[in-house]
Amino acid sequence: MLEEYPIAGRRAAEISASVERAVADGDLEPGQLLPPMRELAQRLEVNPNTVAAAYRTLRERGVIETAGRKGSRVRPKPATTAREQIRVDVPPGVRDVSDGNPDTALLPPLAGAFAAAAAVADRAPVLYGDDPLDPELVRRARADLRRDGVPDGPVAVASGSLDAIERVLVAHLKPGDAVAVEDPGWGSMLDLVPALGLRLVPVGVDDDGPLPDDVDAALRAGARALVVTGRAQNPTGAAVSAARARALRTVLAAYPDVLLVEDDHGHGIVELPPHPLAGATRHWAFVRSVAKAYGPDLRLAVFTGDSVTVDRVRGRQRLGPGWVSRVVQRAVAELWASGAVDTRTVAASYGARRDALIAALVERGVAAHGRSGMNVWVPVPDETGAVARLLHAGWAVAPGARFRMNAGPGVRITVSRLAATEIGAVADVVAAAVAAAGPTPARHYA
C-alpha cells in the first residue's frame, strides 16, 4: 500500500491531508484498503495515536470508513469525489440536456433591480453592526411563506439552498449522525452530508415524494435528520402531494426530536402548490431559493424555522461571512415587488415542455417521471450504455449515478431549453437507447 502511494506526514493533520489529497487525485481509489494504523505509524515513525487521530478525522469528513477487524478503506463514494464530476463531456455539435439550468430567456433582467438597490445603499450604506436582513425582503418572504401554509418563524438569508441546508444541519448534528435523504436525490446533497462527517440513509421516492415506510424505517434506525424536497425534486420531478404530506406528518409525529429540513427550490417555477411539513417536529427549517426563477448567480435563499434553529444559524453566520449582501437582498426584493417574473407563465412553460416529453416517451413505450420542475427522470436497464448511445445520437443527458445510492439506474433530461420541435427527436433517441439495452426491471424508481 505505502509503495503504491507514499502516505506522508508527521502530524495527524498532515497524514489526513495526505490521504485526502490522494483520494481527490485518484491515487487512492474508492474501496481501497488503507494500511493498519500500527503498520502506518511504524513506517512513518510516529505514535500510533497520531495515525488513529488522522483516521478519525478522515472518517468524520466522510473520506474513509472503518469496519472493525476488516480495517479502514476509502469510502465507495468519498466526499472528496464530488458527484458533479460524474458527467458527460459534451463535444461540439451535441445538444446538452444534462445541466439542470433554467431557460435564460425566462430569467428577468437584473440591471434595474440592482440600480434601485444600489441607490438605497448609496443613501444609507450598510455598516458593521447593522441589521443583516433587508426589511422589505423579509416582509415579502414572510407573507409568501404564510400564504403557502408555512408556520410563522424568524426569517434568515443564506447564499443559496445548499448553504442554508448545510448551516441548519451543522446547527444540530455532530459527526457520525445519520441523515435521511431522498434516493434518487440531489447530487450536491449526497456530497454534502458525508463532507460534514454525517452518514447518508437513503429513502425511496415516488412521484408523490418520499415513501412514508422508508422514512419511518430510517428514523426508527436512528437517523437524526430528514431532508425533503417539496416540489421539483431533483432528479425525478416528484412533488409532495396533500395525501403524502399527511402520511409523512403521521410518521414524523412519532419522532418529535428529528430535525426536518424542507427544500423548496422550485418556488416560482412550479405550478403545483406546496404541502409543507414544517412544524411537524420541534426543530425544522423551510428553505426557498431564488436561483431557478431569478438566476443562479444571485446566490440567495430565504429560510425560516423554529427560533432555536434560526438563532443558531444566524449566530454562526455572524462569525463567518457575517451576512448576505444587503444590496443583493434589496435587489431580490425589488424583483419581487416589480413582478419581474410572471411565475405562472414560467411554470406553464416548463410544465408544457416536461409534459410533452413524458407523453412522447410514453407513446414510444418508455416510462418517464416528472410531476413538476424542469427535469424528467427515465429509468433505464443499462445507464452507461444509454448515456453512450444518446451521446452518439447527438444528445447529452445526465447519468443517474450522480443522483442515486440504492435506486436503480436512470438518466435525467433537463427540458428547460428544449424547443417544441425537439421533443419528438429526443424521445426517439431515448426510446431507441432503452430498447437496445433490454427490458427495464419493474422496481427502478421508488
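Helix-derived [θ] at 222 nm for the chain: sum -39500 (n - 2.57) over DSSP H runs of at least 4, divide by residue count, nearest 500?
-12500 deg cm²/dmol
Testing the spin-label approximation: label points 7 Å from Cα along Cα→Cβ at residue 249 and residue 174. State their distance in nm.
Result for the modelled spin labels: 3.4 nm.
Can you tell me, using C-alpha contacts under 8 Å and at least 6 residues apart, the relative contact order of the chain as a whole percent?
Relative contact order here is 18 percent.
For the range 115-215, what Kirkwood radius comes out of the mean inverse Cα-Cα distance, in Å?
The answer is 16.8 Å.
Please give the net charge around residue 145, taking every other residue with its beta carbon less than 13 angstrom from that of residue 145, where Lys and Arg add +1 and Asp and Glu add -1.
Net charge in that neighbourhood comes out at +1.
What does the charge add up to near residue 318, with Lys and Arg as +1, Asp and Glu as -1, over the other residues with Cβ less than 13 Å from its Cβ?
After counting each charged neighbour, the total is +1.
Divide, for the range 83-123, the radius of gyration over alpha carbons by 2.2 N^0.38 Å, where N is the residue count.
In units of the 2.2 N^0.38 Å rule of thumb, it is 1.98.
Under a point spin-label approximation (7 Å from Cα along Cα-to-Cβ), what is the residue 104-residue 406 distance to one decimal in nm?
The modelled label-to-label distance comes out at 4.2 nm.
Return a whole-number percent for the relative contact order of the range 179-306, with Cα pairs under 8 Å and 6 or more residues apart as the contact set.
The normalised contact order for the range 179-306 reaches 20 percent.
Could you put 75, 167, 38 in order, starting from the residue whose Cβ has the fewest other Cβ atoms within 10 Å?
With the fewest neighbours first, 75, 167, 38 line up as 38, 75, 167.
Over the range 311-360, how many percent of alpha carbon pairs lie in each 5 Å bin up to the one with the longest distance?
Binned Cα distances yield the sequence 5, 16, 12, 12, 12, 11, 12, 11, 7, 3, 0.
How big is the charge dipole of the chain about its Cα centre, in debye rounded to the nearest 20, if each Lys and Arg gets +1 on its Cβ and each Asp and Glu gets -1 on its Cβ?
I would put it at about 820 debye.
Determine the relative contact order of the range 12-74: mean sequence separation of Cα pairs under 8 Å and six or more apart, normalised by residue count, in whole percent.
RCO, the range 12-74: 41 percent.
How large is the charge dipole for the range 333-439, taken about the Cα centre, if only the Cβ atoms of Lys, Arg (+1) and Asp, Glu (-1) carry charge, to the nearest 20 debye?
160
Can you pull the semi-axes for the range 12-74, root of five times each eigenvalue of the Cα gyration tensor, sorted largest first, whole Å?
Result for the range 12-74: semi-axes of 17, 13, 11 Å.
Expressed as a fraction of 2.2 N^0.38 Å, the rule-of-thumb size for a compact globular protein of N residues, what is the C-alpha radius of gyration of the range 111-338?
That ratio works out to 1.00.
For the range 323-446, what is the Kirkwood hydrodynamic radius in Å, using each pair of distinct C-alpha atoms?
Result for the range 323-446 stands at 16.0 Å.
Just going by the charge dipole of the chain, with Lys and Arg at +1 and Asp and Glu at -1 on Cβ, which of 409, 218, 266 is farthest out on the positive end?
Going by the Cα projections, it comes out as 218.
Using each residue's phi in the range 286-298, evaluate 6.51 cos²θ - 1.76 cosθ + 1.60 at θ = phi - 60° and report the 3J(HN,Hα) Karplus result to the nearest Hz, with x for Gly and Pro.
These are the phi-based 3J(HN,Hα) values: 10, 10, 10, 9, 9, 4, 6, 8, 10, x, x, 6, 5 Hz.
Could you tell me how many cubic angstrom of Cα convex hull volume the range 384-428 has per residue?
82
Please list 285-296, 353-364 highest first by mean number of surrounding beta-carbon atoms within 10 Å per residue.
Packing order, densest peptide first, comes out as 285-296, 353-364.
For all pairs of alpha-carbon atoms in the chain, what percent lies in each bin of width 10 Å, listed from the first bin to the last filled one?
Percent of pairs per bin, in order: 4, 19, 27, 26, 17, 6, 1.
Just how large is the dipole of the range 111-338 about the Cα centre, in debye to the nearest 20, putting +1 at every Lys and Arg Cβ and -1 at every Asp and Glu Cβ?
Roughly 600 debye for the range 111-338.
Set Lys and Arg Cβ to +1 and Asp and Glu Cβ to -1, take the dipole of the chain about its Cα centre, and tell me which of 332, 372, 357 lies farthest positive.
332
I want to check the label-to-label distance for residue 140 and residue 241. Put each point 7 Å from Cα in the C-beta direction and report it in nm to one decimal.
Here the answer is 3.4 nm between the modelled labels.
Bear in mind these aren't lab numbers, they're just calculated from the coordinates by the rules spelled out. Every value quoted in this text rests on a predicted model; they were computed, and no experiment measured them. As a convention, Cβ positions derive from the backbone with ideal geometry for all residues, glycine included, and neighbour counts pool all protein chains shown.
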